[in-house]
Each structure stands twice: as C-alpha cells, then as structure tokens.
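Remarks on the structure that follows.
The values are calculated or read from the model by the stated rules, or taken from the named source; none is laboratory data. From a predicted model like this one, the values you see are computed outputs, not experimental measurements. Virtual Cβ from ideal backbone geometry, glycine too; neighbours counted across all protein chains shown. For the accessible areas, the whole protein counts, side chains as well, though only heavy atoms, and no ligand, DNA or RNA atoms are used. Shrake-Rupley method; radii C 1.70, N 1.55, O 1.52, S 1.80 Å.
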Amino acid sequence: MADVPELVEARLRSALGEPDARASVTFLGTERIEVLRFLDTGVDAGAGIVRYATLGMSAAPMTDPAAALADPERGPRAELVLSVRAGAAETDKVLRPLAVLAASPQVEGVVVTPGASLDVGEPLWPGAPFTSVLVAEPGGLVEDLELDAPLEPVRFLPLLPMTPNEAAWKRARGADALQERWLQHGTDLRDPLREAVPLAG
C-alpha cells in the first residue's frame, strides 16, 4: 500500500517548493495532522504570499456519514491549501484552525467538497474578519495526485476566507454567486484583512 502522506508531501514540494515551517496537531481518536508553510517570494508575488497546506487529511478516504460501513480504501481524498499575503497579519495562528478543518472528516464524518463552507467558530487568526472558508475547485495551484487503484486521487482544495456576512450570503445564494460577486468587485481574496465584498443589490 502506498504511503499516501509521503506522496502528498512530495507533490506539495514539487508544486510549492520547500516548506519553511511545519506544525503537528493530534486530536483524540484521529491520525496526526500536519500543516506545512510555504513562502512564495517570487517577483510576481509582490510582498510575498504565504501558503499553508495540510498533510494527513488524505491518509484515509472521506466517508459519507450515512454509509453503513466505512471503506478503508475507496472514497474521496483531499488536502487543504490556504494562500494569504505575508506580513499583514498573524496568519501563522491559522495552523490550528486548519488542522481542525483537516481533521473534520475523521472527527465528524464530513465529506469536504468544492462549494462547501467550513466554519471554525472563531477568527482564523488574531484580528481576522473571517471565521469560515469557502472550499474552491482544485487543480490550479497543486495538481491532483493520482494513486494506485482502487484509491481515488488526492485533490488539493483551495480555501477562500469568508466574512460572516459573505458566509450567510453564500448559504442563501450559493457558492457560484458569491464567487461571481468577488470577481465583479475585484476582491483580493489573499488579503488577510480585507473587508466584506458589497452584497446589496
């Protein structure tokens, strides 16, 4: 059987470079979740982008809580990736909230898919106007990692922070409508201190 976390870390390194920091969190009754930090200081990155990626969420497939029996091999696998501008806020404090979200399939039986909302119930980092994230479509920053059959590929799901008002609007109108509103207003979704997009009208 393939060592999925080892393959995932290799894919993250090939896509994002060497991590400059990592943290490990273990929750009761779950496998260890790590969060790796990658700093992008390229010319196109401006002040720099810091990316946080989970490692360990994909070690087991996500199982529909309605299923009578969990399949140890078959089922969707994913890791979470958050990108924010470096230096504007204490975004390293997001490590534990990210680990909590990554552990939610094991702890709560949640199947994390694009378009879903994930709420941590507190600011993602000190002073953050966000307590939840929108799960975006994978494939842009880190390509899916194919695994040997019957295992499903690991998908690297981008997380887009949402303010409480945006989260409520998304629940009412849907993920596509919120993303369209962000696009219309040229919202910088990597700004760790941005204000909510105008939602009236």
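Brief remarks follow.
- Being among the hydroxyl-bearing types (S, T, Y), out of contact with any helix residue (DSSP H, G or I) (no Cβ under 7 Å at 6 or more places or on another chain) and either modelled with pLDDT under 95 or open to solvent by less than 30 Å² (accessible area, probe 1.4 Å) (or both) is true of T26.
- Any chance A200 is part of a loop (DSSP other than H, G, I, E, B), touching a Pro at 6+ places or on another chain (Cβ under 7 Å) and farther than 24 Å from M57 by Cβ: no
- Pairs linking a residue in the stretch 173-201 that is free of Cβ contacts under 8 Å to residues at least 40 places away in the same chain to a residue that is open to solvent by 80 Å² or more (accessible area, probe 1.4 Å) and assigned to a loop (DSSP other than H, G, I, E, B), with Cβ atoms under 6 Å and 6 or more positions apart or on different chains, are V197/H185.
- Enumerated strands (runs of 3 or more DSSP E) restricted to the stretch 80-188, each holding at least 1 residues that are surrounded by fewer than 20 Cβ atoms within 10 Å (Cβ to Cβ) and not acidic (D, E): 117-119
- Residue tally, condition out of contact with any Gly (no Cβ under 9 Å at 6 or more places or on another chain) and in a helix (DSSP H, G or I), over the stretch 5-35: 10
- Some residue of the stretch 39-50 being of a type outside the set (K, R), under 22 Å from L147 (Cα atoms) and at pLDDT 85 or above: no
- When A196, A149 are checked against the criterion of being under 25 Å from A78 (Cα atoms), of a type in the set (A, V, I, L, M) and over 17 Å from the mean Cα position of the chain (by Cα), A149 stands alone in meeting it.
- Tabulated pairs, the stretch 130-156, first in contact (Cβ under 8 Å) with a residue 24 or more places away in the chain and among the basic types (K, R), second open to solvent by less than 40 Å² (accessible area, probe 1.4 Å) and part of a loop (DSSP other than H, G, I, E, B), C-beta under 7 angstrom, 6+ apart or interchain: R155/P138
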